[in-house]
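The values are calculated or read from the model by the stated rules, or taken from the named source; none is laboratory data. Everything numeric in this text was worked out from a predicted model, so none of it was measured. Because the Cβ atoms are built from the backbone with ideal geometry, glycine has one as well, and the counts that use them run over all protein chains shown.
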Amino acid sequence: MECLYGALASEVCDLDKPIGHSFGDVEHYSRLIAEVTGRILEPAVGTGRILIPLLEAGHEVDGLDSSTEMLSVCRRHCRDRGLNPVLREGDMTVFVHLAAYEAVIVPAGSIGLLDGRTATLQAMACFRDSLVPGGRLFVDVLVPQPVAEQEPTRHWRQGPFLWTLQTLGVEYDAAANQTTRILRYDKWQDGALSMTELQVLRFQHWDLHEFEHLLAEAAFTDIRISGYKHASMRAPNDGIWTFHATAPQARSTTMVTAQRPGNTPSGKPYHGA
């Protein structure tokens, strides 16, 4: 999985969605894992907006992210609160810690950052292999929405600093069912530009039945869908489907195999620990 979030993108994400802010997802996931007593994995952990409230509620949650900068922000927030979770830099399409977790959670539509069906299916296989038999997977998928023709410039202020975010272009690929945004992040200090960053953000959209079939192909069972506000809803008005699925009790030779290379491109181990 390509790292999409650099230093400025991570700063803006932290400003826009600070720890303690919820779209209903913190409460939603708190309910989903209320009865989980073992270890939990959150891939695409980002700045820790979901992770930290779950840790503070007493859950043992490990974080995984491909962005060094995002993990740096997450570690700082954890340190400030006296928390010391396991946080790994790694790719969710190859990271496997065999039968280590009772639950894997992927909130806030982050699964859409994976590029296409092959990468997403590979991630599902890794989640399955990282779960104990009968372990639970919870994944948020954004309900497809029309692509906005124009997106306004956004800004955030803090002390002498001003951050701005511009969408320079939006393209929709109907064949791949992907939206690509070219985003420019600028950081200003006392009216002078001090830093700029360009991000090409590709997002994979999913049809409800297509993602359901993907989970089944990865050998998950007991698949169902809910929304944040209702326990059973296939057309949620909050714009998100949460897929619930269960890891198989035993492995089969027909399962999609999770690739487990010994090292990341940077030489850092992805699996084990």
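Numerical summary
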item: Answer residue from segment 131-150, given it is under 17 Å from the mean Cα position of the chain (by Cα) and charged (D, E, K, R) and is nearest to PHE211 (Cα to Cα) among those; result: ASP140
item: Lone unmet requirement of (1) at pLDDT 95 or above; (2) under 21 Å from ALA176 (Cα atoms) for ASP222; result: (2)
item: Any hit, segment 235-245, residues being at pLDDT 95 or above, buried (at least 16 other Cβ atoms within 10 Å of the Cβ), in contact with a helix residue (DSSP H, G or I) (Cβ under 6 Å, 6 or more places away or on another chain) and part of a loop (DSSP other than H, G, I, E, B); result: no
item: Pairs, first within 15 Å of LEU121 (Cβ to Cβ) in segment 201-217, second of a type in the set (Val, Ile, Thr) and outside any helix (DSSP H, G or I), C-beta under 6 Å, six or more apart; result: TRP206/VAL141; PHE211/VAL141; GLU212/ILE223; LEU215/ILE223
item: Complete set of residues in segment 29-55 that are buried (at least 23 other Cβ atoms within 10 Å of the Cβ) and not hydroxyl-bearing (Ser, Thr, Tyr); result: ILE40, LEU41, GLU42, PRO43, ALA44, VAL45, GLY46, GLY48, ARG49, ILE50, LEU51, ILE52
item: Wholly enclosed strands (runs of 3 or more DSSP E) of segment 136-220 bearing at least 2 residues surrounded by fewer than 14 Cβ atoms within 10 Å (Cβ to Cβ); result: 154-158, 161-173, 192-204
item: Residue count for segment 43-60, restricted to those that are small (Gly, Ala, Ser) and either closer than 18 Å to ALA100 by Cβ or not assigned by TED's automatic domain parsing to the domain that holds CYS74 (or both); result: 1
item: Complete set of residues in segment 56-68 that are in contact with an Asp or Glu (Cβ under 8 Å, 6 or more places away or on another chain) and surrounded by fewer than 19 Cβ atoms within 10 Å (Cβ to Cβ); result: THR68
item: In segment 96-111, residue surrounded by the fewest Cβ atoms within 10 Å (Cβ to Cβ) [restricted to those that are in contact with a helix residue (DSSP H, G or I) (Cβ under 9 Å, 6 or more places away or on another chain) and not aliphatic (A, V, I, L, M)]; result: HIS97
